[in-house]
Number of protein chains: 4
Amino acid sequence: MGNSIGKLFTLTTFGESHGIAIGGIIDGCPAGIELNFEAIQHELDRRKPGQSKITTQRKEPDTVEFLSGIYDGKTTGTSIGFQIQNTNQRSKDYNHNTDVYRPSHADYTYAKKYGIRDHRGGGRSSARETANWIVGGAIAKQFLKGIEINAFTSSVGHIEMPTHLLDFNKDSIEKNIVRCPDTQTAAKMIELIEKIKKSGDTIGGVITCVIQNVPLGLGEPVFEKLHAELGKAMLSLNAVKGFEYGSGFAGTKLKGSEHNDLFNADGSTKTNLSGGIQGGISNGMDIYFRVAFKPVATIMQKQETIDADGKLVEMQGKGRHDPCVVPRAVPIVEALSALVLADLTLQNKARQ
Amino acid sequence: MGNSIGKLFTLTTFGESHGIAIGGIIDGCPAGIELNFEAIQHELDRRKPGQSKITTQRKEPDTVEFLSGIYDGKTTGTSIGFQIQNTNQRSKDYNHNTDVYRPSHADYTYAKKYGIRDHRGGGRSSARETANWIVGGAIAKQFLKGIEINAFTSSVGHIEMPTHLLDFNKDSIEKNIVRCPDTQTAAKMIELIEKIKKSGDTIGGVITCVIQNVPLGLGEPVFEKLHAELGKAMLSLNAVKGFEYGSGFAGTKLKGSEHNDLFNADGSTKTNLSGGIQGGISNGMDIYFRVAFKPVATIMQKQETIDADGKLVEMQGKGRHDPCVVPRAVPIVEALSALVLADLTLQNKARQ
Amino acid sequence: MGNSIGKLFTLTTFGESHGIAIGGIIDGCPAGIELNFEAIQHELDRRKPGQSKITTQRKEPDTVEFLSGIYDGKTTGTSIGFQIQNTNQRSKDYNHNTDVYRPSHADYTYAKKYGIRDHRGGGRSSARETANWIVGGAIAKQFLKGIEINAFTSSVGHIEMPTHLLDFNKDSIEKNIVRCPDTQTAAKMIELIEKIKKSGDTIGGVITCVIQNVPLGLGEPVFEKLHAELGKAMLSLNAVKGFEYGSGFAGTKLKGSEHNDLFNADGSTKTNLSGGIQGGISNGMDIYFRVAFKPVATIMQKQETIDADGKLVEMQGKGRHDPCVVPRAVPIVEALSALVLADLTLQNKARQ
Amino acid sequence: MGNSIGKLFTLTTFGESHGIAIGGIIDGCPAGIELNFEAIQHELDRRKPGQSKITTQRKEPDTVEFLSGIYDGKTTGTSIGFQIQNTNQRSKDYNHNTDVYRPSHADYTYAKKYGIRDHRGGGRSSARETANWIVGGAIAKQFLKGIEINAFTSSVGHIEMPTHLLDFNKDSIEKNIVRCPDTQTAAKMIELIEKIKKSGDTIGGVITCVIQNVPLGLGEPVFEKLHAELGKAMLSLNAVKGFEYGSGFAGTKLKGSEHNDLFNADGSTKTNLSGGIQGGISNGMDIYFRVAFKPVATIMQKQETIDADGKLVEMQGKGRHDPCVVPRAVPIVEALSALVLADLTLQNKARQ
C-alpha cells in the first residue's frame, strides 16, 4: 500500500526505475480545466537527469503520455491515466547489486519486508518515482490558478543562503543550475558540489518553499492540518530527514511575546512566524517551510557492506548518480505542495 | 473533517475544551487484548494540567470512561467508545474573548473558515483534545507489547541537554517535573520556565522520542513511509513547528561517506544516522526523532489585537495556561507514536 | 473496522446493546446549520421499541445527548459527538445465551472471528446500533434541505401493497403502525403480524424508499455510483437480504425497447425505469428502491442449536423482540439514504 | 472520484472506451505470489467482445501489459501497473452522438455533471472499463488460492434455470456460449437472444454467483459487512439493477421458523438461507447471491431522443453492441467477487 496521496484530489502511482514504464492515475481533478501540456513537460524537464554538470549524467527524456481523462485539451472529470516510458535503463549497472545491500539504501528493508526485490536501480524505492509526482503536481498547479508556489535551494552542506526566507527574487531561481536565487551563494554551492563530485562523494542540503496568494481556510482542524499534510508529503520524498514551517526549530528558543504575530486591522499579521498557518488552517499570509535532504547514499568510493547471506563484501557505486539531489528536488517540492493544496482546496470547497 | 488518525487502527475524536465532554472511538483494535486500565489512567495523569508548579494550575481529573468494545476486561474487536468529562471549565475566563481574536491562536482562522466558532478556551483547537490521543495511544501501546517508546524534553529555550540523543537514562525521565533525563539540565530548564512564568511570558522547546525493539518491516514504500506517518502525527500536535528524524537538519551538512550507516554481518548497522528507518521502512535499529514546539501563544502580558469588526483592542491572557507545553507534551508524543506504530503493524501483518 | 460510513460526511459509531451507552461521531457536517433538535428526537421516536402493539415491548427512551460540534444551536464545522444511554437492558434475559449460539444470528461468527464476544443482546451485532444511524441521518436530512426522503412498508410476508411504487400518499405513511400508506393493506399487514406474533414466530417484508427533488449530478462514475452507495448502506442494515432500484429484478425480463426511458425536451424522462439514476449519477427524476428484510431470527419457539462446545442444546427466545422489523426499519432506511446523499452532495460540491 | 475499489487490496482504474488505452493500478497485493499469466489472459478472453454469435462483433484483442510490481514472474509487494490498448475503436460510429443523449445511457448525466464529455462510445461510462476489473480480479483470485468462485447465467428474460441455486454443474458453465450450466435452458436462452438480436432489440437477465471454501471470519461487523461489500461491487457493474444474497427477496415471505438455519454439531448449518454470511461475516458455508441486469440501452431501432440543445431528434444505434450483456458479465461478477474477498481477507489477517 502507500502508493496514493490525497483524499479528494488523489494521485496513485506505480513503477520501478528499470521496468517498462512508470505512471499514475489522477482521480478527482475537476472537469473543464484547459491543460497547458508544455507547462507540464517543462516541470518534468526541471526534474530530469542530465540537465547540468552537477546532476547525474543519465539521459531520460521523461516524456509523459496521457491515456485518459482529457478530451479536446480539457479535463473531463474522470480519472487521468498517464505513463512515462523508461528508456535509458542500464540495468547491467546494477548486476553487481543482485545480492548486495547498499548502505543507507532501501535494499535491506525491502528484501526483508517482502522477501523479494527488484534490485535494479532501487526498484520501487528509486527517486525515479518522483517524475510521476511532477505530472500530478503540474496538473494540480493548473487547477490552483492564482496560488504561487516557489521552492529554491537555500543550503548545500555548510553553505547557506544569507538572506531572509521570504526575501528572495523568484526570477533568479532558474538562472543557475543549483536553483538558489542568490547568485553569489549559488556560485559557492556549485563549486562545492563539483568538488564533492570529484571526490566521489555526495552532500546534503535544504530546500525552502514559499507559497503565496493562498486563500484563507485551507486545512482541517485536528488530523489534516495544512502543515501536517505538507510535512507528510515532504517526508515522502526520498532522502528527506526533516521538515519545519514558519519559525521552525529556531522558534523553540523564542518567548511567546517575541513569537506571537500581532494582527493588523485587516486580519493580516505584522510578522509571520506562524508561516501562514494558524491552528492548521491557512490565514492568508505567505506559507513557507524548509525541507532537509541527507547526502545521496550512493557514493563512488569503496564501502564495506553485506550481501543476502550476511557475508561482508566490498562495493563501489557504479551507476550515474547525483552528487547532490537538492537542485533536482526543487520542482518536486513544488509539485508535492501543489498536490496537497489542491486536495485541501477541494475539501474546503465541499463544505462552503 | 480531519478528526481521524490511522487506517487500520483508527482513532476518531470529538470535543471542545468547554463542552460537556471530549471523547473518541478506537476502531480496528484487535480482539482479546487484556487492558491494564491503571496504565491508561497513568498516561492521562502524566498529561493532565495542575501536575506541577510549572504547568497550568487548572484542575481536570481527566478520568476516562469506556462505553463499549471491552468485555471482561478484554477488547472484543469492535469499536471502543470512550469519553472524558469536562469538569473544570471556567468559561467566564473566556468571556472577554467572545469577539476578540487572540494573536497566533486559531481564533481568526476558525472564525473565517466556519463563520461561527465556540470561543470558549479555543473550542476544538484547544490542546484539551490531546487527552483523547493519550487514551488511544495507551491502548495502542498495550497492543504493541515489546516495542518501547520513550520521549523526553531535550531542550527548553536555549537550554539543551548535552548528551547524545540515544544515550539517555529512561528511568530518569519521570524523576523531574520537566521530564528531562539529565538531572542538571532539568534543574536549569525548571529554573528558566519559572522565570519565564513570573514574567507572564512563555517559552518553546524540543522533545526527543526514542523507539526501541521495533520489528523490521513497518512502513509502506511511497506515501505511507514510517517517518512520514510519524511526522504527520507530530505536526498534528498543537504548537509543533518542526519534525526531524535520524540525522535530521544536521545531516544536510554531512557527506555521503560520513552519513552512510555501514552494515554489521547480522544486518544491524554500525551507526544509525538513518534513525532506524530506510526507504520508509523500519530496519530494526532504534527509531528516534525530534519535535519542535513554539512558545505558547497565550501570555499574561498586554497585547494589542483585533476583534471581529477589525477594531484594534488591547487584551491580556486570563485563563490558567502553561508557560511551556513541552513537559506535558512528552506523553502525547509517545501516544501519537504508539498510534502510528499500531496502524503500520496491522498493515504489515495483513500481507504476511 | 467497518464502523464508519461516508467519506466526506462520515458517521463513526460504537456501542453494544447492553453496554453503558451507544453513540457516534459525525465528521464533515458543514458549519452553520441551525439544528432542529425536536426533529432529531422525532426520528428516534419513530424507531424506538415499544411504540406499538406490533413491536417489541422493550422500553428505551433513546434520548440523544450531543457532546460537541454544536454552539448556539448551530453546527460549528467540527466533529459532532453524541451518545444515547442504554437504560433498559435486561441482560439476564441473555444469561441463557452465554455459551449458546442462536440460529441465524451473528453469535457463532463473532465468537469464531474474535475469540471473544459480548453475548448480551447480540452485543455489537444488535440492531440497537441503528439508533446511532437515526441521529446521523437526522442531521444529514437537515443539511439536505429540499430533498425529500420517504420510506414505507410495501410488503409483509405475502401481503403486498397493490399500488405502483411512486404512486403513494406520503401523508398516510405515519397514520398506521405498520407504516404502509395504503390503509387497507396496512390493516391486513397488522393482522398478519399479530397472528405471527401470537404463534411465537416472525415474518419478513419489504421497504420501498422514494427520494424526491434530488439535484442532478450526485454520484461518482465507476465505484461510487449513487445506487451502489445506497445499496451498500441498505445491505449494512440488520436482516437485509436484497436491494433493487428502478426496475430492479423485474427489469431483467424486459426488452431494451420497453425499458429505455425516453427524454422530454427539458431532459426529464417520460418513464422512469432507471429509478432516477443513469450511469451512477442522479438525473433529477425520483429515485426509488426496494429493500428486502428476512424474518427476525429470534423466535419464541423451541429450536435446537449448539453451544460453544458444539453440544446440541434446546433453546427458546426469551427477550422482548419484534415479530417483524419492517415497521421500525422505515425511519432507518430514510436515515441511511440521507447519510449517503449528504456524502455525495459534498463530493459533488467539491468539484464545482 | 470513485475510480478505486478496496481498502487494503485496491484497484484504481482509468480509461475511456475510445482513448489510447485503459488500465489500472493494483495496490496492496502481497509479495511473492507466482502469477499465472495465461490464467489472467483466459479471464480477459471470457469477457472479450466478439467471442460468439450472441455477443457484439467488435474485435478487441484485450491483451494486458504489466508495467510494474512483478519481478521474475512474482509479485513484489509494490503497486502493479497495467494497461490494455484500445485497438478497435471505430469512433466514427459515434459521430452521430456528439450532441445527442442516448436514452437510458449516462450521456445526459455526464454532460450535465461535468459540463464536458467524451461522447465516443460512452467514454468513461462504457463497460470497456470492466476489462480492468478482470485483470484485478484475476490477480485477486490467484492470491485467494483455495476459494472457488463460480458465476453463471441463471435467467435471460423470462427463461429461468429450473434447478436450485447451489445445485449446478460447474464444469458445464463454459460448455455453452450463454454460460448457463443447464444445457436445455442454455439452448432456450441462446434462441431467445438470437431472436431479440434479429429484432434489433436487447434483453436483460440474472447472474448467480456461488463462492465455495470461504474461510470463516471474512467481513467486518457494521459498515463493511461481507454482503454489503459484495453488493456494492455488483451494483458498480454497468446495467445492474439489483442484488440479493441467500434467501433474498423471496426470504421476505418466510417465517422465522422456516428461515432460520439450524446448526450441526460442527458449526455448519443444516440449511443455508443465510447464504454463508451471518452478521456480515462469512460462516464457512457456501456464499451465493444473484445480480439483476437490465436490457442493454443501445438498441438497433429508431428512438426519439434529445440533443444538447433540448431539441427532439430521432436516432438509431449504430455501433456493435451486445443484445444481452449477461453472458459476458459472468467473468466480471467473478472478478469483482475476488476483489472483495481479497480485500476482506487482508483485513481479517491484519488482526489475527
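Nothing in this text is a laboratory measurement; each read-out follows from the coordinates by a stated rule. Computed from a predicted model, the values in this text were never measured in an experiment. Because the Cβ atoms are built from the backbone with ideal geometry, glycine has one as well, and the counts that use them run over all protein chains shown.
Apply the a/c threshold of 1.5 to the C-alpha gyration tensor of segment A:254-352 and tell me whether it is rounded, prolate or oblate.
Working: a/c = 3.36, a/b = 2.37, b/c = 1.42.
Since a/c reaches 1.5 and a/b is larger than b/c, the shape of segment A:254-352 is classed as prolate.
Under the rule of at least 5 residues apart or a separate chain, name every residue whose amide H is placed under 5 Å from the amide H of D:Gly317.
Close amide H contacts, sequence-distant or interchain: D:Ile299, D:Gln301.
So how many Å³ per residue does the convex hull of the Cα atoms of the protein assembly as shown work out to?
157
Do the sum for chain B: with -39,500 (n - 2.57) for every DSSP H run of n ≥ 4, divided by all residues, what is the mean residue ellipticity at 222 nm, to the nearest 500 deg cm²/dmol?
Details: 7 runs with 88 residues, N = 352.
-8000 deg cm²/dmol, from helical runs alone.
Any chance you could get the radius of gyration and Dmax over the Cα atoms of chain A, in Å?
Spelled out, the Cα radius of gyration and Dmax of chain A are 20.8, 68 Å.
Every other copy gets compared here: list the nm distances from the B:Arg320 label point (7 Å along Cα to Cβ) to its counterparts, shortest first, one decimal.
Listed shortest first, these distances are 4.6, 6.8, 8.1 nm.
Tally Lys/Arg at +1 and Asp/Glu at -1 over every other residue whose Cβ is under 10 Å from the Cβ of C:Gln352; what's the total?
Residues near C:Gln352 contribute +4 overall.
Can you tell me the FRET efficiency between D:Gln57 and D:Lys270 if r is taken as the Cβ-Cβ distance and R0 is 45 Å, rounded to the nearest 0.05?
My answer for the efficiency is 0.40.
With axes computed from alpha carbons, what is the tilt in degrees of helix C:183-198 against the longest principal axis of chain C, rounded to the nearest 10 within 0 to 90?
20
Select the chain B residue whose beta carbon lies nearest to the rotation axis carrying chain B onto chain C, and write the distance in whole Å.
Smallest Cβ distance to the axis, with its residue: B:Thr12, 2.
Short version: ³J(HN,Hα) in whole Hz for each residue of segment B:342-351, in order, from phi by Karplus 6.51 cos²θ - 1.76 cosθ + 1.60 (θ = phi - 60°), x for Gly and Pro, what are they?
Whole-Hz 3J(HN,Hα) from phi for segment B:342-351: 4, 5, 6, 5, 5, 5, 5, 5, 4, 10.
Convert 25 °C to kelvin, take the viscosity as 0.890 mPa s, use the Kirkwood radius over C-alpha pairs of segment D:73-202 as Rh, and evaluate the Stokes-Einstein diffusion coefficient in µm²/s, rounded to a whole number.
131
Roughly what angle does helix B:130-143 make with the longest principal axis of chain B, taking Cα atoms, 0 to 90 degrees, to the nearest 10?
With both axes taken from Cα atoms, the answer is about 20 degrees.
Report the label-to-label distance for B:Lys145 and A:Lys311 in nanometres (one decimal), using points 7 Å from each Cα along the Cα→Cβ vector.
4.0
Using the Kirkwood radius over C-alpha pairs as Rh, can you work out the diffusion coefficient of segment C:252-294 via Stokes-Einstein at 10 °C, viscosity 1.306 mPa s, in µm² per second? Could the numbers behind the result be given before it?
On the way: Rh = 11.6 Å.
The diffusion coefficient I find is 137 µm²/s.
Compute the helix-to-body angle for D:37-47: its Cα long axis versus the longest principal axis of chain D, expressed 0 to 90° and rounded to tens.
Approximately 60 degrees, to the nearest ten.
Using each residue's phi in segment D:270-285, evaluate 6.51 cos²θ - 1.76 cosθ + 1.60 at θ = phi - 60° and report the 3J(HN,Hα) Karplus result to the nearest Hz, with x for Gly and Pro.
So the J values, rounded to whole Hz, are 5, 10, 9, 6, 5, x, x, 9, 10, x, x, 10, 4, 10, x, 7.
Where the centre of each part is set by its Cα atoms, how far does segment D:313-352 sit from segment A:249-313, in angstrom?
Each part's Cα centre sits 46 Å from the other's.
Evaluate the relative contact order of segment D:152-220 (contact order divided by residue number), counting alpha-carbon pairs under 8 angstrom at least 6 apart; express in whole percent.
For segment D:152-220, the relative contact order is 38 percent.
For segment C:118-134 and segment A:96-128, what is the centre-to-centre distance using only Cα atoms, to the nearest Å?
48
Return, ordered by residue number, the residues of segment B:312-352 whose backbone nitrogen is under 19 Å from a label point located 7 Å along Cα→Cβ of B:Glu174.
Only B:326-339 fall inside the zone, counting backbone N under 19 Å.
Between B:Leu262 and C:Lys198, how many nm apart are label points set 7 Å from Cα along the C-beta direction?
9.2
Ordered shortest first, which distances in nm separate the 7 Å Cα→C-beta label point of D:Glu65 from those of the other copies?
Those label-point separations list as 0.6, 6.4, 6.4 nm.
Calculate the spin-label point distance for A:Glu65 paired with D:Glu34, positioning each point 7 Å from the Cα along the beta-carbon direction, and give it in nanometres.
3.3
Just how far, in whole angstrom, is segment B:1-34 from segment D:54-73 if you go by their alpha carbon centroids?
Between the Cα centre of segment D:54-73 and that of segment B:1-34, the gap is 44 Å.
What is the average number of partner chain Cβ atoms found within 10 Å of a Cβ in A:28-39?
On the way: counts 7, 2, 5, 8, 5, 1, 0, 0, 0, 0, 0, 0.
Per residue, the number of nearby Cβ atoms from other chains is 2 on average.
Please list 3J(HN,Hα) in residue order for segment B:238-255, calculated via the Karplus relation 6.51 cos²θ - 1.76 cosθ + 1.60 where θ = phi - 60°; whole Hz, with x for glycine and proline.
Karplus values, whole Hz, x for Gly and Pro: 3, 6, 7, 10, x, 8, 9, 10, x, 5, x, 4, 5, x, 5, 8, 8, 8.
Please list, in chain and number order, the residues 5+ apart from C:Val296 or on another chain whose amide H is under 5 Å from its amide H, with Hs placed from the backbone.
So C:Val296 has HN proximity to C:Ile203, C:Val325.
Whose amide H sits under 5 Å from the amide H of C:Val156, counting only residues 5 or more places off or on another chain, with H placed in the peptide plane?
C:Val206
List the relative contact order of chain A as a percent without decimals, with contacts defined as Cα pairs under 8 Å and 6+ residues apart. Walk me through the numbers before you get to the answer.
Working: 720 pairs, mean separation 78.3, N = 352.
In percent, rounded to a whole number, it is 22.
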